Amino acid sequence: MWSLRMRAAKIENDAEEHISGAEGIYNFSEVERLLKKFFQRAIKHSNGMPDKVILTIEKIKEPIHEIKALTVKTIFCSSPDDAQNISREYLINLGISEKAIVTAWNVIKNHKMRGATLIDAFTGERLEPDKKRGVRVSRIQMATKKRLQILGKIKNFTTEPERVIEAITVASKVISFSEIIAEICVSDNPDYTTGYIASKESGYLRLLNIKNKGEHIGGRAFFVKSPVDLNKMIEFLERTPVIII
Ligand code: PML
């Protein structure tokens, strides 16, 4: 199997600003077709035309782990305030501190990162070694059977089923790590207003209207329980190949 990754960035004053990314694990015979698809996606993102697109094609030599997909539920929220209150309540019930939730929203609203921020669920401290890049969840794919099952269930609740599948794939890998209590995600696509929170207890909860249309905010935060072996966690998120079943 092969890991395919795309990242697209704008370059302003020698600094890179993340525009979009995509990722999957495929048979060699599919690689050529998917490269084209990933490139199209890079140049057609509503965050704008990139100045740089990096496509990585890498043979996977280590064993691929199987991880169960989270269950999926959609919650209608009437406004971003409503969605933030609902998500706050869920996160507090999971034992995540007020401080940690404030840090997560601060990063989501004010920092454009390629990867996710890692937040100590108790102290609210940011743990990722590279605060500008964050930690990117990589080497992931959803098995076709599961994909079709979920597509059938969500088709009436979304106009962008592929985006939902990708997000469930990310969240299922993230939440499978024992010290990660929960994830919150707001899409960085200005046109996409659904976000989610995910946890072992409540699965993948889609929150409609978590932001207003046209807003250029977004990102992912993972709430982490201490003590944790940070290197082991980052290695798992970024490098361990995983198929979601
Ligand atoms: C993104 O890829 O933009 C993040 C998507 C988050 C929500 C996906 C959904 O469940 O609708």
| query | Do any residues in the range 84-104 that are closer than 21 Å to Lys211 by Cα and touching a residue at least 40 places away in the same chain (Cβ under 8 Å) have Cβ atoms under 7 Å from those of residues that are among the small types (Gly, Ala, Ser) and not in a helix (DSSP H, G or I), where the two are at least six apart or on different chains, and which pairs are they? | reply | Tyr90/Ser202; Leu91/Ala182; Ala100/Ala121; Ala100/Gly124; Thr103/Gly124; Ala104/Ala221
| Considering the range 95-121 alone, what residues qualify as being in a loop (DSSP other than H, G, I, E, B), surrounded by fewer than 16 Cβ atoms within 10 Å (Cβ to Cβ) and modelled with pLDDT of 95 or more? | Gly95
| message | Out of the residues in the range 192-208 meeting the condition of being crowded, with 20+ Cβ neighbours inside 10 Å and outside any strand (DSSP E or B), tell me which one is farthest from the ligand (Cβ to nearest atom). | response | Thr193
| Taking the stated definitions as given, is Gly124 away from the ligand (no atom under 13 Å from the Cβ), buried (at least 18 other Cβ atoms within 10 Å of the Cβ) and either within 25 Å of Ala9 (Cβ to Cβ) or charged (D, E, K, R) (or both)? | no
| What is the number of the single condition among (1) in contact with a strand residue (DSSP E or B) (Cβ under 8 Å, 6 or more places away or on another chain); (2) within 27 Å of Ile154 (Cα to Cα); (3) modelled with pLDDT of 95 or more that Asp81 does not meet? | (1)
| Residues of the range 23-41 being more than 17 Å from Arg133 (Cβ to Cβ), under 20 Å from the mean Cα position of the chain (by Cα) and not in a helix (DSSP H, G or I), which ones? | Gly24, Ile25, Tyr26
| field | Residues of the range 144-191 that turn out to be of a type in the set (Gly, Ala, Ser) and either more than 10 Å from the ligand (Cβ to nearest atom) or surrounded by fewer than 17 Cβ atoms within 10 Å (Cβ to Cβ) (or both), as a count | value | 5
| request: Identify the residue in the range 1-44 that is among the acidic types (Asp, Glu) and within 12 Å of Leu55 (Cβ to Cβ) and, among all such residues, is modelled with the highest pLDDT. | output: Glu32
| the range 209-227, subset surrounded by fewer than 17 Cβ atoms within 10 Å (Cβ to Cβ) and of a type outside the set (D, E, K, R), residue nearest to the ligand (Cβ to nearest atom) | His216
| message | Can you tell me which condition Val137 does not meet? The list is (1) under 22 Å from Tyr26 (Cα atoms); (2) touching a Ser or Thr at 6+ places or on another chain (Cβ under 8 Å); (3) assigned to a loop (DSSP other than H, G, I, E, B), and all the others hold. | response | (2)
| In the range 35-65, the residues that are under 11 Å from Ser3 (Cα atoms), of a type outside the set (Lys, Arg) and in contact with a Phe, Trp or Tyr (Cβ under 9 Å, 6 or more places away or on another chain) | Leu55, Ile57, Glu58, Ile60
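The values are calculated or read from the model by the stated rules, or taken from the named source; none is laboratory data. Just so we're clear, the structure is a prediction, and the values are computed from it rather than from any experiment. Because the Cβ atoms are built from the backbone with ideal geometry, glycine has one as well, and the counts that use them run over all protein chains shown.
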